[in-house]
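Chemist: One structure is given below, represented as structure tokens, and several questions about it will come after.
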């Protein structure tokens, strides 16, 4: 569809699907979208409740399927690089192990907790592992992209985030830090 002929609703959907502009980066838009995912983690940790964090992951998943699928239709492209909402909403899944390991009952520390030593490295490692799995798409991740209607767009990122979370959990347990 001609960009000049898009209605305001389509422009809003596309702006959201493209990660509020981060997906329009001239290089590595998925990486820029993943960085915006840290803001989503920040928002999910504001309530300091692990169940709200998990609900945000689930809700973000379904919202991204719908918005991402609409974005694909608007652009008339399958999984275009500019749509990065899938990376944004998958990042909290990649970071789930430290959230649960630092939880006390239902409560979780705020995002600022993870900005201090020795917890900061978990943020960095979750980012690196997620990008590694998202870019290389091993272990069946690449096959999920064939699914239709926004499902392929989002499920491959969630599986990449799941694998990243597993490795991050192993690393946290191995070194005994969270």
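The values are calculated or read from the model by the stated rules, or taken from the named source; none is laboratory data. Everything numeric in this text was worked out from a predicted model, so none of it was measured. Note: ideal-geometry Cβ built from the backbone for every residue, glycine included; neighbour counts use all protein chains shown.
Chemist: If you go through the range 53-65 one residue at a time, how many are within 15 Å of residue 96 (Cβ to Cβ) and surrounded by fewer than 16 Cβ atoms within 10 Å (Cβ to Cβ)?
Modeler: Residues flagged as within 15 Å of residue 96 (Cβ to Cβ) and surrounded by fewer than 16 Cβ atoms within 10 Å (Cβ to Cβ) within the range 53-65 amount to 3.
Chemist: So which residues in the range 147-164 are more than 12 Å from the chain's Cα centre (by Cα) and part of a helix (DSSP H, G or I)?
Modeler: 151, 152, 163, listed by residue number.
Chemist: What are the residues in the range 8-67 that are more than 18 Å from residue 122 (Cβ to Cβ), touching a residue at least 24 places away in the same chain (Cβ under 8 Å) and not in a helix (DSSP H, G or I), if any?
Modeler: Once the filter is applied, which keeps residues that are more than 18 Å from residue 122 (Cβ to Cβ), touching a residue at least 24 places away in the same chain (Cβ under 8 Å) and not in a helix (DSSP H, G or I), the range 8-67 yields 18, 46, 49.
Residues checked against (1) within 22 Å of residue 41 (Cβ to Cβ); (2) not in a helix (DSSP H, G or I):
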position	(1), (2)
72	no, no
77	no, yes
88	yes, no
117	yes, yes
131	yes, no
143	no, no
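Chemist: While we're here: If we keep just the residues of the range 103-114 that are assigned to a loop (DSSP other than H, G, I, E, B) and modelled with pLDDT under 90, which is nearest to the chain's Cα centre (by Cα)?
Modeler: Checked the range 103-114; the qualifying residue nearest to the chain's Cα centre (by Cα) is 103.
Every residue, every condition in (1) touching a strand residue (DSSP E or B) at 6+ places or on another chain (Cβ under 8 Å); (2) touching a residue at least 60 places away in the same chain (Cβ under 8 Å); (3) farther than 18 Å from residue 28 by Cβ; (4) surrounded by 15 or more Cβ atoms within 10 Å (Cβ to Cβ), yes or no:
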residue: 125; (1), (2), (3), (4): no, no, yes, yes
residue: 143; (1), (2), (3), (4): no, no, yes, no
residue: 152; (1), (2), (3), (4): no, yes, yes, yes
residue: 173; (1), (2), (3), (4): no, no, yes, no
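Chemist: I need the full set of residues from the range 91-112 which are without any contact (Cβ under 8 Å) to a residue 60 or more places away in the chain and closer than 14 Å to residue 172 by Cβ, in order please.
Modeler: Matches in the range 91-112: 99, 100, 103.
Chemist: Still on this model: What about residue 88, is it touching a residue at least 40 places away in the same chain (Cβ under 8 Å), under 22 Å from residue 28 (Cβ atoms), in contact with a helix residue (DSSP H, G or I) (Cβ under 8 Å, 6 or more places away or on another chain) and surrounded by fewer than 17 Cβ atoms within 10 Å (Cβ to Cβ)?
Modeler: So residue 88 fails the test.
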